[in-house]
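The values are calculated or read from the model by the stated rules, or taken from the named source; none is laboratory data. Quick caveat, the model's predicted, so the values are computed rather than measured. All Cβ positions, glycine included, derive from the backbone under ideal geometry; neighbour counts span all protein chains shown. Accessible surface areas use protein heavy atoms only, side chains included; no ligands, DNA or RNA. Shrake-Rupley method; radii C 1.70, N 1.55, O 1.52, S 1.80 Å.
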Amino acid sequence: MKLATVSSGGRTRTGIVAGDQVTLLDDADMLSLIRRLSEGGSAEAGRGETVPLSAVKLLAPIPRPPRNVFCVGKNYHEHAREFATSGFDASAAEIVPEAPVIFTKPPSSVIGPGEPIPSYLDPTQSTDYEGELTVVIGRGGRGISRADAFKHVFGYTIINDVKARTLQHKHRQWVIGKGIDGFCPMGPVIVTADEVPDPGAMRLTTHVNGEKRQDVAVSQLIFDIPTLIETLSAGITLEPGDLIATGTPVGVGLGFKPPRFLKPGDVVRIEVDAIGALENPVG
Ligand code: MG
């Protein structure tokens, strides 16, 4: 199933997207839907009317996560290299990390499909995109082993891990540069895990103004999804609806000489074949 959060008739609703239609559900918000389905409930139970997708507005699948979005830095080999050699990496000497590099983005950074990325909030004009496959946790838990990890995956969505590169470098840490309001576009839907038997086979592409910048198979992650879940849950209890942005591949703006940062009027489109396309203009 492809699950969406939509605005319909002035109300926020959840729904199942099929083609160009959406069947609205009784569940008022995605977090309660995730909890219900993860506990064995059926989406059939709450089905309401079916309307054209054009009649509703897609919001971020989880418009206001209850806590920060977990993110992974430097998790594809070629991107780790382009970042380490860009002059913008103040974090570590090694190119390929020995263990997952984790940071977070605050809930206030989340925006939905089609919403403008507020690059005007970056005083350094170094706003950059990062297309990322994102894991949505279903059943929570602590101390989850690699072997059990996929039992805790509810589904997948897309996040654009937008950042202000100069702030990221200046502050030696990533929260200021990556946590800016509106710097976490999310969507367009959550595809449930049962529709993705082989997550590594998913392909992610990013286009800026129609020009392809990123193209990778998820199987090329340095630290795969089970490793990320095992690492995070070792000491942090994961909760239903938690989000783990798995990292971005080579091809971000800072990798170009000179860097090609985003500017107002640009359009960033991130596509994962199993999920759909997340497109946002730059404001
Ligand atoms: Mg990233």
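Peptides 194-202, 29-37 ranked from most to least packed, by the mean per-residue count of other Cβ atoms within 10 Å: 29-37, 194-202. Across the cross-link table entries LYS105/LYS263; LYS2/LYS178; LYS57/LYS212; LYS74/LYS212, which are compared at the Cα atoms, the separations over 25 Å belong to LYS2/LYS178; LYS57/LYS212. Peptides 177-190, 159-172 ranked from most to least packed give 177-190, 159-172, packing being the mean of other C-beta atoms within 10 angstrom over each peptide's residues.
How do ASP89, ASP242 rank by accessible surface area computed with a 1.4 Å probe, from largest to smallest?
Values: ASP89 30, ASP242 5 Å².
Descending order: ASP89, ASP242.
The mean sequence distance of close C-alpha pairs (under 8 Å, at least 6 residues apart), as a share of the length of the chain, puts its relative contact order at 25 percent.
In terms of overall dimensions, the C-alpha atoms belonging to the stretch 2-58 reach 32, 21, 15 Å along their principal axes, ordered largest to smallest.
Every Cα-Cα pair in the chain was counted, and those over 37 Å apart are 9% of them.
Cα centroid separation, the stretch 5-62 to the stretch 103-125: 25 Å.
Keeping every protein chain present and rolling a 1.4 Å probe, give me the accessible area per residue for the stretch 1-90 in Å².
Numbers: 4080 Å² over 90 residues.
For the stretch 1-90, the per-residue accessible area is 45 Å².
An ellipsoid equivalent to the stretch 1-98, defined through the eigenvalues of its Cα gyration tensor, has semi-axes of 39, 16, 12 Å when rounded to whole angstrom and sorted largest first. Label zone (GLN125, point 7 Å along Cα-to-C-beta; backbone nitrogen cut-off 20 Å) within the stretch 192-222: 209. Extension gain for the segment SER7 to HIS77, taken as residue separation times 0.36 nm less the Cα-Cα distance, is 21.3 nm to one decimal.
Charge dipole of the stretch 2-58 (Cα centre as origin; +1 on each Lys and Arg Cβ, -1 on each Asp and Glu Cβ, all else neutral): 140 debye, rounded to the nearest 20.
The share of accessible area on the chain that comes from carbon and sulfur is 52 percent, using a 1.4 angstrom probe. The per residue volume of the convex hull around the alpha-carbon atoms of the stretch 185-283 is 129 Å³.
In 5 Å bins starting at 0, how do the alpha-carbon pair distances of the stretch 87-177 split up by percent? Final binned percentages: 3, 10, 16, 21, 18, 14, 12, 5, 1. Taken per residue, the accessible surface of the stretch 167-238 reaches 41 Å², heavy atoms only and a 1.4 Å probe.
For the stretch 40-112, trypsin sites (Lys or Arg not before Pro) meeting the loop criterion (DSSP other than H, G, I, E, B) and having at most 15 other Cβ atoms within 10 Å: ARG67.
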